[in-house]
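The values are calculated or read from the model by the stated rules, or taken from the named source; none is laboratory data. Computed from a prediction, not measured in an experiment: that's the story for all the values here. Glycine gets a Cβ as well: all are built from the backbone with ideal geometry, and neighbour counts include every protein chain shown.
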Amino acid sequence: MEAILLKEVAEILNLPERDIERESLKTFLEAKLKKLLIEQLQLTRKYGVKNVDEMENFYIEQKLSEKESWEDYFELSHNDAEIGSVKKALQKF
């Protein structure tokens, strides 16, 4: 079904299917990266840190309670890793 849709769109736009696939994938990755960066910014602002490493230092220095923020810490850590993966994928373009 998807291949038929892609073929139809390619014909309508008079573009090669490969170009549409490539641009679609790049746009998807850019949108995903933007979403992740926004989430990262929201979390770092919430705790007044620059990144997950600084948040970990806040725990060590007891400036931040793990009990109240551990879920956000793991989300920030996961986002950080995912941002790296998306950036690596975008380098292929």
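Within region 33-53, count every residue that is surrounded by 16 or more Cβ atoms within 10 Å (Cβ to Cβ) and part of a helix (DSSP H, G or I).
8
Of all residues in region 35-53, those that are among the acidic types (Asp, Glu) have Cβ atoms under 6 Å from Cβ atoms of residues that are assigned to a helix (DSSP H, G or I) and surrounded by 13 or more Cβ atoms within 10 Å (Cβ to Cβ), 6 or more apart or on another chain, in Glu39/Asn79. Among the residues of region 82-93, is any modelled with pLDDT under 95 and not in a helix (DSSP H, G or I)? Yes, region 82-93 contains a residue that is modelled with pLDDT under 95 and not in a helix (DSSP H, G or I).
Does Ile4 qualify as being modelled with pLDDT of 95 or more, of a type in the set (Val, Ile, Thr) and either exposed (fewer than 11 other Cβ atoms within 10 Å of the Cβ) or in a helix (DSSP H, G or I) (or both)? It is false that Ile4 is modelled with pLDDT of 95 or more, of a type in the set (Val, Ile, Thr) and either exposed (fewer than 11 other Cβ atoms within 10 Å of the Cβ) or in a helix (DSSP H, G or I) (or both). Figure legend. Inter-residue proximity from region 10-30: first residues in a helix (DSSP H, G or I), second residues surrounded by fewer than 12 Cβ atoms within 10 Å (Cβ to Cβ), beta-carbon distance below 6 Å, spacing 6+ or different chains. Indicated pairs: Lys26/Phe93. If you go through region 5-45 and keep only what is within 16 Å of Ile83 (Cβ to Cβ) and β-branched (Val, Ile, Thr), you end up with Ile38, Thr44. Does Ile38 fit the bill of being more than 30 Å from Ala10 (Cβ to Cβ) and at pLDDT below 95? Spelling it out, it is not the case that Ile38 is more than 30 Å from Ala10 (Cβ to Cβ) and at pLDDT below 95.
Residues in region 54-81 that are in a helix (DSSP H, G or I), surrounded by 13 or more Cβ atoms within 10 Å (Cβ to Cβ) and among the aliphatic types (A, V, I, L, M): Met55, Leu76.
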